[in-house]
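These notes are about the structure you will find just below.
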Amino acid sequence: MAEAQNMETEAPEMATENDAPTGTPESIGLQDLQLLAQIVDLSTQRGAFRGNELTQVGTVFDKLTSFLNHVAAEQQAKAEAEGEDAPAEAEAPAEEPAE
């Protein structure tokens, strides 16, 4: 119990501007966004949100999934376009070795 009182009396360490990392901040990738969508979906299934919060959560979830679907479609179209530009040599059958 004395240990708990000591913890309460100590001032919490506050981050200062000098503690901020230098350079660029860490970016969020598509996998991170997909994980966020899964977290929101799972949280909703488990009842983590109140009824009056569901509209906002649903709106953000819809925007996120719409964005992810758009990016996936763009990536698929790009992959198909690159597949069409492949050289014809790659599609030619292999020659049989001469005996």
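The values are calculated or read from the model by the stated rules, or taken from the named source; none is laboratory data. Given the structure is predicted, the values throughout are model-derived calculations rather than measurements. Backbone-built Cβ (ideal geometry, glycine too); neighbour counts: all protein chains shown.
A quick yes/no check of all residues on (1) modelled with pLDDT of 90 or more; (2) within 29 Å of the chain's Cα centre (by Cα); (3) under 30 Å from residue 68 (Cα atoms):
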position	(1), (2), (3)
3	no, no, no
9	no, no, no
13	no, no, no
17	no, yes, no
28	no, yes, yes
36	yes, yes, yes
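Among all residues of segment 79-90, there is none that is modelled with pLDDT under 95, in a helix (DSSP H, G or I) and either within 15 Å of residue 33 (Cβ to Cβ) or among the polar types (S, T, N, Q) (or both).
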